[in-house]
Structure formats: C-alpha cells, structure tokens
1. Among what's in segment 124-169 and is under 30 Å from residue 93 (Cβ atoms) and among the aromatic types (Phe, Trp, Tyr), pick the residue that is modelled with the lowest pLDDT.
2. Quick one: which residue in 264, 242 is more than 30 Å from residue 355 (Cα to Cα), among the aromatic types (Phe, Trp, Tyr) and within 18 Å of the chain's Cα centre (by Cα)?
3. Kindly provide the set of residues from segment 115-137 that are assigned to a helix (DSSP H, G or I) and touching a helix residue (DSSP H, G or I) at 6+ places or on another chain (Cβ under 7 Å), ordered by number.
4. Of the residues 255, 217, 290, 267, which is in contact with an Asp or Glu (Cβ under 6 Å, 6 or more places away or on another chain) and within 29 Å of residue 55 (Cα to Cα)?
5. Within segment 205-237, restricting attention to residues that are assigned to a strand (DSSP E or B) and of a type in the set (D, E, K, R), which residue is farthest from the chain's Cα centre (by Cα)?
6. Across segment 85-114, which residue is surrounded by the fewest Cβ atoms within 10 Å (Cβ to Cβ) among those that are of a type in the set (S, T, N, Q) and not in a helix (DSSP H, G or I)?
7. Find the strands (runs of 3 or more DSSP E) located wholly in segment 289-332 whose residues include 2 or more that are in contact with a Pro (Cβ under 9 Å, 6 or more places away or on another chain), touching a residue at least 24 places away in the same chain (Cβ under 8 Å) and within 19 Å of residue 38 (Cβ to Cβ), and list them.
Amino acid sequence: MKKLSIFGLILLLAGCQANSKDTDTKKESPSNTNISVKVTQPIEQQPSYTLKLPAELHPYESVDVFAKIKGFVRKINVDVGDQVSKGQILAVLEAPEMDIQSTADRAKSQQLSANFEVSKSRFDRLKKVKNQSSGAVSDLEYEQAYGSMLRDSAALEESNFSYKKSNQMREYLVVRAPFSGIITQRNFSVGALMGDTGMPFFKLVDNNNLKLKVVVPELHAQSISDSTVAKFKVLSKPDTVFTAQLKRNALVIDPVSRSLALEFDVPNKSRALNGGDYTDVQLNLKRKRPTVFVPQSAVVNSQSGIFVLKLVEGNKVERVPVVLGQAQDKLMEVFGDLHPSDQIIEKGSEEINSGQIVQIIK
C-alpha cells in the first residue's frame, strides 16, 4: 500500500512538470501568435527628381610653366594677374655657354662644307676625265675620291644636325605661354638662376572656361545621361543661377568612394566666376527604367538593417533587405527583392519576425 502511494505521488509530480513545460513553451513562442496587419503592394514608377551635391569649380586648364634649360633670367615680360595669349613671350633667359657652343657648331659646319665642296669637285673632275678617256684615271684613285666625298658629306650632315640642335636649345631660352590664360603665380626675378630648383617659373590658368567637378553617389549613377544639366550658385553672387552642360562622364564607379566623377563645362568670358569656388549643385535626374516604390511606413530601419516585411505563402512574414533611394511624397524608392505582385505589410514593425504568421485585415 505504501509502495502504491509513492508511485502515485511520482506520477502526480511528473504531470505537473509536463504542464509547466507546456506553459513555458507557449510563453516562449510569441511568434506563433497571430497579428492583424494591413497589406499593400509595391508600385513601379519612373519619376524625375532633384539631387543636390557639393561641387567645385576648376580652371579649364592649369599648368606650371618651367624653363626647359638652365640659365639666368634676363627679362620678365609679365606678372601675376596679367592676361596672356598662346605663344606670347613670358620671359627670356641667357646662357653664354650656349651662345659659344652655337658659334662653334656654325664654324665647324662652314669648315666641313668647304671640305665637302673640295672633295666633290675633285670627284666630279675625275669622273669626267674617266668618262672621256678610258684608262686616264685608275680605279683606285677614282674610288678614293668617291670615298672621300662620301665621308665629307656625312661629316657635314652630322655637323649641320649639331648646329640645328644648338639653335633649338637656344630657342628654349625664351619661355612662352602654352595657351591663353592668366598668370596666377611668379616665383623668380631678373638675375635668378633657373633650372635646378624644381620650382616653376609661372603658374598659368585658363579662367575664361571653367570645369564644374561633381561626384555622384553610386546609387544615382544610372540616372546620369548626356543631356544632364547642372544648376548652381556661388557665394559671391547668391542671386544668380548658373547652368552648365555635362561634358565628361567617368562611366566607372570609383572602387574606394563608390561614386561617379562628372565634369560640366562652364563658359566664363565675363569672369563672373573664379576657379576654386565651392558651390552646391542641383541636378535634375530621372531613372533610366522604372523602379520599385513602397509606402514610407512599410520601411523598417533597425539596428539589424533596413528591410520591408513581405508576405509569402500562408501569410508567413519574410524580411526583405532593401537599399533606400529617393523619397517621393509618402513613398520611398527601394532596391531589393520586391515586385509589384508582392504583398507587403503597410506599417512595418521591428517586432514582427521572419516566419511569423499574420492575419490580413481586409
């Protein structure tokens, strides 16, 4: 009898523990609880939108002007702020040793020219005699005269090249503007020695034409077209809106910044703008193809990421990771595994988990 009582007590305790586990299991599985939600569907559209980005104006051309050869500055014709034309003489150097070398090369050319005239005259005379009277000139004498003329001709040609080189080097004593523009920097004065410092003589920029450089985030790269126009203002003229046409598109996303480099040409003959100005540019863009939009309330931005709650078979919830695009009224452009035929929860919540069953409110 006593054994039966103990056995019954054990069964009673086991039953209580089982009930307790069932209760705990129900408490630990809130995801199985039905939640009522309203659903909607993504839509596809291709709206135009405006993008504002920082930008910078640069001179169309900018170059450091160096003296190609070593020499002393004899004359400077321009200074900072001067407008110059292409080919204009900016400065003149002097190098006496180059004048001496040029004079020596010219004298050598004249001497070799005289030698060539003598050897050529002798060969022509022997050739004439040989043709008129067979045997009057030996073959050896004839060939020696011919060889002498060829040697003198080659020596003269080499000397002429050397003389031309000397004159060409002397031309480098004249520093000219490679293009039309403005002198923005001058680093040497008359009497200074040029050629060894590594410092440019002048800095020349073309401020009549400017380049507006803009870096567009990767997300908007596909919205850029050849007809894209930029509108911008500068601090010095806050009431004036300038426009620029896209001229250069890198076409390749930078792997470090994940952005696309653009350049717009800005005519500036009136000099209303300055190279180096910073500005905020406005781009009117349009996607090349329709993209997906969902209600902004459907997008959940949590610590674990940005996602939209999509319903799959059996009203089961699936979290779909998305990348945000442009906001349009109450809609948000999203990029992810979403299609117009999908059903999504209209008001997303971080508390709704993947795999959870929900009830749709009609």
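1. Filtering segment 124-169 for residues that are under 30 Å from residue 93 (Cβ atoms) and among the aromatic types (Phe, Trp, Tyr), the one modelled with the lowest pLDDT comes out as 163.
2. Testing whether each residue is more than 30 Å from residue 355 (Cα to Cα), among the aromatic types (Phe, Trp, Tyr) and within 18 Å of the chain's Cα centre (by Cα) leaves just 264.
3. 115, 116, 119, 120, 122, 123, 126, 130
4. 290
5. 237
6. By that ranking, first place goes to 85.
7. Hits in segment 289-332: 291-295, 305-312.
Each row is one residue, and each column tells you yes or no for (1) modelled with pLDDT of 95 or more; (2) outside the structural domain of residue 317 (by TED's automatic domain parsing); (3) over 30 Å from residue 321 (Cβ atoms); (4) of a type in the set (Lys, Arg).
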{"position": "248", "(1), (2), (3), (4)": "yes, yes, yes, yes"}
{"position": "260", "(1), (2), (3), (4)": "yes, yes, no, no"}
{"position": "275", "(1), (2), (3), (4)": "no, yes, yes, no"}
{"position": "280", "(1), (2), (3), (4)": "no, yes, yes, no"}
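The values are calculated or read from the model by the stated rules, or taken from the named source; none is laboratory data. For clarity, every value in this text was computed on a predicted model and none was experimentally measured. Because the Cβ atoms are built from the backbone with ideal geometry, glycine has one as well, and the counts that use them run over all protein chains shown.
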